[in-house]
Ligand code: SF4
């Protein structure tokens, strides 16, 4: 069954499949391009995202954007989403039941966005895609897993990098791995020169 983006957005906006619907201000669906070669999946919206209705617009999102821009990603190249579309109170980790309730919508979103590469930002997204709750991000990050025709790349969540800036190089390297794969598959143009990792803190709001 083919579903249109507009119908999908309507379905998300009217969703009450889990208790997070009760406390949300906005359903947070995506930013970037509706159809894109690379999809990034984080955990869930925070306060800024809930307010604006767009994912990764707070401090962690600005760090991600800083790295994406430096790696030459333009808006047409990515589609950014989360495991859950409504903000968990106090920014807690979504429960298994909440993640499971929202999985159907994320599945539809992936079918519409048609990414070849899916970058999982953090453990919650990794667990949703693999069922593995015990993996250590330090051990699994940066290597592709092939699943259902998608190339899945786990890495750190940018919020973790904000708290552990000495690990920024790892997120940077993993974004580069995703970019190089996209180039290899003819989905992105190669960069004219090897970029340097930005070392600045993302700007505050
Ligand atoms: S988090 Fe997902 S499943 Fe829960 S109400 Fe929001 S859109 Fe629906």
* To do: Kindly check whether there is at least one residue in segment 75-86 that is within 20 Å of residue 126 (Cβ to Cβ), touching a residue at least 60 places away in the same chain (Cβ under 8 Å), touching a helix residue (DSSP H, G or I) at 6+ places or on another chain (Cβ under 7 Å) and within 15 Å of the ligand (Cβ to nearest atom).
  => yes
* Asked: Among the residues of segment 7-36, how many are in contact with a strand residue (DSSP E or B) (Cβ under 8 Å, 6 or more places away or on another chain) and either within 17 Å of residue 49 (Cβ to Cβ) or modelled with pLDDT under 95 (or both)?
  -> 5
* Please work out which residue is farthest from the ligand (Cβ to nearest atom), limiting yourself to segment 90-115 and to residues that are surrounded by fewer than 15 Cβ atoms within 10 Å (Cβ to Cβ) and in a loop (DSSP other than H, G, I, E, B). => 114
* Filter the helices (runs of 4 or more DSSP H) completely within segment 1-70 down to those with at least 3 residues that are more than 10 Å from the ligand (Cβ to nearest atom) and free of Cβ contacts under 8 Å to residues at least 24 places away in the same chain. => 5-13
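Residues checked against (1) over 21 Å from residue 128 (Cβ atoms); (2) in contact with a strand residue (DSSP E or B) (Cβ under 6 Å, 6 or more places away or on another chain):
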| site | (1), (2) |
| --- | --- |
| 62 | yes, no |
| 81 | no, yes |
| 88 | no, no |
| 99 | no, no |
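For (1) touching a strand residue (DSSP E or B) at 6+ places or on another chain (Cβ under 6 Å); (2) over 18 Å from residue 56 (Cα atoms), each residue gets a yes or a no:
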{"position": "144", "(1), (2)": "yes, yes"}
{"position": "152", "(1), (2)": "yes, yes"}
{"position": "161", "(1), (2)": "no, no"}
{"position": "167", "(1), (2)": "no, yes"}
{"position": "184", "(1), (2)": "no, yes"}
{"position": "188", "(1), (2)": "no, yes"}
{"position": "196", "(1), (2)": "no, yes"}
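The values are calculated or read from the model by the stated rules, or taken from the named source; none is laboratory data. Source: prediction; values computed, not measured. We place every Cβ from the backbone using ideal geometry, glycine too, and count neighbours over all the protein chains shown.
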